[in-house]
Amino acid sequence: MRSLKNLSKNQELSKNSLSEFENIAHLSNADLITIDALDCATTLSNNPVVGGRKMKDLLEQKMLLAIEPYVLAMLEESKASSDLQYRNVEQINSVLQKIASQMSAQTICYFRAGKAYLRISHELGDIGNLFFKSLFYNVLKDFGKSYHLQTQENAICAICRV
């Protein structure tokens, strides 16, 4: 890590623009980075909104790829094969309940104004949100109707048209 900091100091003197990885080296606890901590890096870049957002999205995408095999294994273990197409909200909710119960998470399903709300609350932090986001992607990919995800601290909600 020292060589990365030395490299970034040398480049600061010569260029005054830092790469995304050099911005990470400037964070106070670079070895204990969370997704939200990367937002601090935006103040170090020339284009704070684009640079930090791009870095956060890149890391989230990499983590989702790392988590997906575990999600697929849990779907298979729960007799909820990834090949099975979930055609209605009740099937989807059943799968979510089965997996969430193994992780001490709570699921809520309700309908309002032609939309189904599938919400999972947990105490697993950012990694839990990424895990459940991957779970939603895998369960809803064949649903066929439009949906979007909303995340909050320790909660994720899929809103689907029905």
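Summary table below
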item	result
Members of segment 89-111 that are assigned to a strand (DSSP E or B) and farther than 20 Å from Y70 by Cα	I108, C109, Y110, F111
Failed item in (1) open to solvent by less than 70 Å² (accessible area, probe 1.4 Å); (2) modelled with pLDDT of 85 or more; (3) aromatic (F, W, Y), with Y137 passing the rest	(1)
Positions within segment 112-162 being outside any strand (DSSP E or B), without any contact (Cβ under 8 Å) to a residue 12 or more places away in the chain and of a type in the set (K, R), in sequence order	K141
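The values are calculated or read from the model by the stated rules, or taken from the named source; none is laboratory data. This is a predicted model, so every value here is computed, not measured. For neighbour counting, all protein chains shown are included, and Cβ atoms are generated from backbone atoms with ideal geometry for every residue, glycine included. Only protein heavy atoms, including side chains, enter the accessible area calculation; ligands, DNA and RNA are left aside. Shrake-Rupley method; radii C 1.70, N 1.55, O 1.52, S 1.80 Å.
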